[in-house]
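Below is one structure, written out as structure tokens; comments come after it.
The values are calculated or read from the model by the stated rules, or taken from the named source; none is laboratory data. Bear in mind the structure is a predicted one, so any value in this text is a computation, not a measurement. Virtual Cβ from ideal backbone geometry, glycine too; neighbours counted across all protein chains shown. Each accessible area value is taken on the protein alone, full model and side chains, heavy atoms only, with ligands, DNA and RNA left out. Shrake-Rupley method; radii C 1.70, N 1.55, O 1.52, S 1.80 Å.
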Amino acid sequence: MSEPTTNSTILDQQKAGLIQFGNLALGWLLTIFFISIIELIYGAETQNIEDSLIFIAYCESLFDFIYFAKTIVFLGLLHQALLLISAKLAKIVIWVSLAFLTVLQLSLMQYFMTALVPLGADLYSYSLDDIKQTVGAAGVPVLGILVMVGVLLLQFVLFRVLLKKSVFQNTLVLLIVWIVSFGVYYFDIEIQIPTYQFKNEFDNYLTYNKSLYFANATYDNFMSTDTETDIYADSYLGIGGALLAGQSEILKVDYLAENSYPFLRIDSTQDVLGNFFRQSPQKPNIVFLLVEGLGRAFTGEGAYLGNYTPFIDSLSQKSLYWKNFLSEGGRTFAVLPSILGSLPFGKSGFNDMGNNMPINNSLIGIMKRGGYQTAFYYGGDSKFDNMKLFLEKSGIDNVNDEPTFAGSGYTKLPKNGTFTWGYDDKSLFKRYFDVNPESNGKPKLQVILTVSTHSPFLVNNQSDYIQKLFQYSQSAKARMSEAQKKNAKDYSKMLSTVIYTDEAIREFFETYKKRKDFANTIFIITGDHRMPEIPMATKIDRYHVPLIIYSPLLKRPTTFESISTHFDIAPSFAAFLNKNYGIAKPRVTNWIGTGIDTVRQFRNIHSYPLMMTKAQMIDYIHGDYILNGTDLYQLGPNMSMVLSSEKEAQSAVKANFEIFKQKNEKILQGLKLMPDSVRLK
């Protein structure tokens, strides 16, 4: 008779234990929801939430329940196992565990409210010293600590009341919840939830349960059997990122012979683009579309003047898109040397050195030696700014500009008095297709520079495009504020040319898609600089342009917030073509750029000069700072600028700027960029 009694005692203990755990679990669920309410309220008060708060709360609750379900699977098993030793021990261990998870959840919430992105596996890429330094630099979060203490006290009272009153009595309900939780864990339910496109990333991240996000990222980091790096993840640090974490934030360059060849160095640029593309059996065609005056101020999501390029914006959503990209010059003079050669400025721009331009490793020469046919297309006269001379010295095969346009169907821009820049962008694109057959057996490098959005901002049928501008700015699709609608009226002459060029680019791609070579073509779209004739918000606004890499060969689109510049394009594409298509790249180079940064989060690992005009080189970007004359500004997300009084940072940026100036001056004095013998070694 003793055995049934023993079994009955154990069953009674397990039943009592289930009730005890059920009350603790109920308290834990209420704690999770309470923390999310705090997070939601704080987020609504401190950030610009554009989506419905009710919908965000719904999504947040869904992820909260998934996190709750996954935690009680393990904690429930632990609790019932500990019951065999002691009910009191089981209660204490689970209580302490839940208190720890509460502190973790609040800490991750505090991190999110500070960084505006959830903490993931990037934590493990930093050394302990770096973490200490980061935490120390952040200071003591007094409000966060007070909230944490308050929540823990409320949780303590809640657990005491629930356990004392034994509010939860229904063991069947707990068993059902437990079984459902096993299902949530086993089937990884959060992966099955369809993605919703929120109006901004803050709203999206607000819906995440931060502990669930951190746990999943931690598991993937240590336990995932996938050996490929998730290059789309927010926690992705980029090639060399882990190394940088233990060193200076700025990517350093070691020069080889500064006294003889000031910019000569080993090319250590790694291929950061290849994993984003499907491998093509043939070398891909490369088309650069350089858009005159295309600034982020009026293109793309978040454009503060309003987004007046609906097609380009739609293209960016299907592309690799850098929203915080920078031109190297405030005028067109810098665009070709910077993008194609990553070259220094000289006194008034590299091209201004004329026949004294030193030999260099340009992308044109590298690709031409790799079997590419190369060409340049421009509606104006390419002798302007010595562009033609630069291209010819780089080895370009063909220059198609205003003097070469022949035949009918081409229309010049309206004259301003007696002056016109040349042919409009639609005629430029027509010329491109007229002289550029689909295939002649060789891969192609094509460089197109538009002109219609240049001062004096005159296009044919301009009244029609002004009308289109007004109609678009008032449309629901444009989603413009009243202030942005006013911009359309105040700057109608300039912005009507933007509407025109966006339409021309749309027609360009519609035509291209009908060609057989479209499927094997990579398009790189960027602005030569931001249109300066519309007042700028900040010093860096002049350089703030988009970078869009679009191709049918892309695996999927993604957006990057890290900063790179025109200097970084040539090194990255040379590395991409070398690794994936065997095109030889130089072992020793003169490039200023170190390669495009493919980290999704906002950061800058580069240290470069920026040249406003041919007579003004007073800007230098270095990490999170930009020096403008003698004034130092700290950069923030979306390229915001805040005046900084940090003397140490100012000294560091000035020192790096002076080093560049000294090297640049040596080139002006006649030193070469590289020896003739190492051009492709």
Fill in: Criterion: within 19 Å of A570 (Cβ to Cβ) and hydroxyl-bearing (S, T, Y) - qualifying residue of T450, T374
T374
Worksheet, complete the sentence: Listed by first then second residue, the pairs whose first member lies in the range 551-575 and is in contact (Cβ under 8 Å) with a residue 12 or more places away in the chain and within 15 Å of Y321 (Cα to Cα), whose partner is among the aromatic types (F, W, Y) and in a loop (DSSP other than H, G, I, E, B), with beta carbons under 7 Å and at least 6 positions apart or on separate chains, are T558/Y232; E561/F602; S562/F602
Discussion item. Conditions first: (1) part of a helix (DSSP H, G or I); (2) farther than 23 Å from F100 by Cα. D51 passes all but one, so which condition is the exception?
Written reply: (1)
Item to complete: Working carefully through the options I583, I596, find the one that is of a type in the set (A, V, I, L, M, F, W, C), part of a loop (DSSP other than H, G, I, E, B), surrounded by 22 or more Cβ atoms within 10 Å (Cβ to Cβ) and touching a residue at least 60 places away in the same chain (Cβ under 8 Å).
Response: I596
Worksheet item: Would you say E301 is in contact (Cβ under 8 Å) with a residue 40 or more places away in the chain and open to solvent by 60 Å² or more (accessible area, probe 1.4 Å)?
Response: no
Worksheet item: What are the pairs, 6+ residues apart or on separate chains, where a residue within the range 409-426 that is closer than 17 Å to T497 by Cα and in contact (Cβ under 8 Å) with a residue 40 or more places away in the chain has its Cβ under 9 Å from a residue that is assigned to a strand (DSSP E or B) and open to solvent by 80 Å² or more (accessible area, probe 1.4 Å)?
Response: W421/K412; G422/K412; Y423/K412; D424/K412
Worksheet entry | Residues located in the range 262-275, provided they are of a type outside the set (A, V, I, L, M, F, W, C) and open to solvent by less than 60 Å² (accessible area, probe 1.4 Å) | P262, R265, D267, T269, D271, G274
Practice prompt. Among the residues of the range 551-570, write down those that are surrounded by fewer than 23 Cβ atoms within 10 Å (Cβ to Cβ) and not hydrophobic (A, V, I, L, M, F, W, C).
Written response: P552, K555, R556, P557, T558, T559, E561, S562
Worksheet item: Picking from L174, L154, L163, which residue would you name as being assigned to a helix (DSSP H, G or I), in contact with a helix residue (DSSP H, G or I) (Cβ under 6 Å, 6 or more places away or on another chain), at pLDDT 80 or above and not small (G, A, S)?
Response: L163
Discussion item. So in the range 605-629, with the set limited to residues that are over 19 Å from the mean Cα position of the chain (by Cα) and part of a loop (DSSP other than H, G, I, E, B), which one is nearest to I522 (Cα to Cα)?
Written reply: M612
Fill in: Residue within the range 355-365 that is more than 17 Å from S452 (Cα to Cα), touching a Phe, Trp or Tyr at 6+ places or on another chain (Cβ under 7 Å) and modelled with pLDDT of 95 or more present
yes
Worksheet item: Can you tell me which residues in the range 521-550 are open to solvent by 10 Å² or more (accessible area, probe 1.4 Å) and of a type in the set (S, T, Y)?
Response: T538, Y550
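Of the residues F573, F518, F602, which single one is aromatic (F, W, Y), open to solvent by 10 Å² or more (accessible area, probe 1.4 Å) and in a helix (DSSP H, G or I)? Please lay out each step first, then the result.
Numbers: F573 fails: open to solvent by 10 Å² or more (accessible area, probe 1.4 Å); F602 fails: in a helix (DSSP H, G or I).
From the options F573, F518, F602, the qualifying one is F518.
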Worksheet item: If you take the residues of the range 375-423 that are among the hydroxyl-bearing types (S, T, Y) and crowded, with 22+ Cβ neighbours inside 10 Å, which of them is farthest from the chain's Cα centre (by Cα)?
Response: Y423
Item to complete: Could you pull out the residue among D397, D424, D401, D352 that is of a type in the set (D, E) and at pLDDT below 95?
Response: D352
Item to complete: Scan the range 501-515 for residues that are surrounded by fewer than 17 Cβ atoms within 10 Å (Cβ to Cβ) and among the polar types (S, T, N, Q) and jot them down.
Response: T511
Worksheet item: Here are K672, K681, K661: which of them is outside any strand (DSSP E or B), open to solvent by 30 Å² or more (accessible area, probe 1.4 Å) and either modelled with pLDDT of 95 or more or over 14 Å from F263 (Cβ atoms) (or both)?
Response: K681
Worksheet item: Here are some residues: F345, F288. Which one is in contact (Cβ under 8 Å) with a residue 24 or more places away in the chain and within 28 Å of L413 (Cα to Cα)?
Response: F288
Discussion item. Residues that are at pLDDT 65 or above and either assigned to a helix (DSSP H, G or I) or within 24 Å of M148 (Cα to Cα) (or both): does the range 1-8 have at least one?
Written reply: no
Item to complete: Within the range 530-558, work out how many residues are closer than 18 Å to L635 by Cβ and in contact with a Leu (Cβ under 9 Å, 6 or more places away or on another chain).
Response: 9
Discussion item. Condition first: within 20 Å of the chain's Cα centre (by Cα) and closer than 17 Å to D568 by Cα. Now tell me which residues in the range 304-356 satisfy that.
Written reply: L320, Y321, W322, K323, N324, F325, L326, S327, E328, I339
Discussion item. Scan the range 276-287 and tell me whether some residue there is closer than 21 Å to H454 by Cα and surrounded by fewer than 18 Cβ atoms within 10 Å (Cβ to Cβ).
Written reply: no
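Considering only residues that are in contact (Cβ under 8 Å) with a residue 40 or more places away in the chain and open to solvent by 50 Å² or more (accessible area, probe 1.4 Å), look in the range 437-459 and name the one that is farthest from R530 (Cα to Cα).
N440
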Worksheet item: Picking from L40, L11, which residue would you name as being among the aliphatic types (A, V, I, L, M), farther than 20 Å from V167 by Cα, at pLDDT below 80 and part of a helix (DSSP H, G or I)?
Response: L11
